[in-house]
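The values are calculated or read from the model by the stated rules, or taken from the named source; none is laboratory data. All figures in this text were calculated on a predicted structure; none of them were measured in a lab. So basically every Cβ, Gly included, is an ideal-geometry build from the backbone, and we count neighbours across all protein chains shown.
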Amino acid sequence: MRSCALLLAVALPLLAPPAAAERIKDISNVHGVRANQLFGYGLVVGLKGTGDTIQSRFTTQSLAAMLGRQGVRIDPREIQVRNVAAVMVTADLPPFARSGARLDVVVSSIGNARSLNGGTLLFTPLKAADGNVYAVAQGSLSVGGFDVQGGGSSLARNHTTAGRVPQGALVEREVPVSLAGREEILLDLANPDFTTAARVAEAINAALQAELAEADDPGRVRVRLPEDRKNKLVSLVAQIEALEIAPDTVARVVLNERTGTLVMGEAVRIAPVAVSHGSLQLEIRSVPVVSQPEPFSRGTTVSTSAEELSAQEQAGGIRLIERGATLGDVVRALNAIGASPRDLIDILQAIRAAGALPARLEIL
């Protein structure tokens, strides 16, 4: 079943029409216009007995310090509550975010809390790498799971020690980004490639009817601003971002041995090669053996186990894959000899080692 599912997932792109051109906006970004990461330490309260225990000393110390700022003096060692959890709060501050804008935040437990479900994040300042506070977060958590216990049994669904507060952060400080006075703009490609960079420059020059764009390297395109558009930079960037090109792709095979996942691009081609695959099935069973002592002896009953091993090897057929075989041909040929997804990973690694797979092999 997994083999068939893999064949369907990888072969479906072959049935689709050729990939449409993509906007420059989707494959690049203007240099200097980027998001900034924010983080902070806070407390989540209102948990139903699923918060940190007293072993998480930093939680009780933080709670005592917070209460102290409210005029309540208490020794952290006297705090025995289970409805509070210490958390780390993270958020992304997008470029040009103005004061008063709202951001989503992610809240993650750093103590031994069992669940954050039903909790409320208290006022938490969020700092950037420069140490300045750019936003503050507060609000009710949304946790996509549950964890219940009772009578010695427990039932959990999804991850309960992390959640989100939608629109829970308020921007207090803006990151200065100025576009005025620029003589040029730089476009950074998300996936650097010589061919793609050249096509981006050609498309911009054709649209502006002037040789203003040139590729500095595979990852950057430099665009000089025309004199009549320097004061209209926003409209110029919008015009450039709307242009469409066909990005070039590199033949690549991505393997994940831990999960048995295999992803191949449609540009993958292989040279003539013969593949023979056999699988070895090894079964180890543990059979309990009980040894009883002789009657009226002082011996005791001893329980041990005996290991039974059985091995069975299934011979695989030899499959010839011809020159120029495409992605679908490769998968169909390998499935024809009974290869599972994990077998496909081993086979492709062997084909790559034999020099018949001229593609980048990435193992996760």
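Annotations
- Some residue of region 104-111 being surrounded by 12 or more Cβ atoms within 10 Å (Cβ to Cβ), among the charged types (D, E, K, R), over 30 Å from A190 (Cβ atoms) and outside the structural domain of V221 (by TED's automatic domain parsing): no
- Test: residue in region 56-75 that is assigned to a loop (DSSP other than H, G, I, E, B), of a type outside the set (D, E, K, R) and touching a Gly at 6+ places or on another chain (Cβ under 7 Å): yes
- Some residue of region 78-100 being surrounded by fewer than 16 Cβ atoms within 10 Å (Cβ to Cβ), touching a Gly at 6+ places or on another chain (Cβ under 7 Å), in contact (Cβ under 8 Å) with a residue 12 or more places away in the chain and of a type outside the set (A, V, I, L, M): yes
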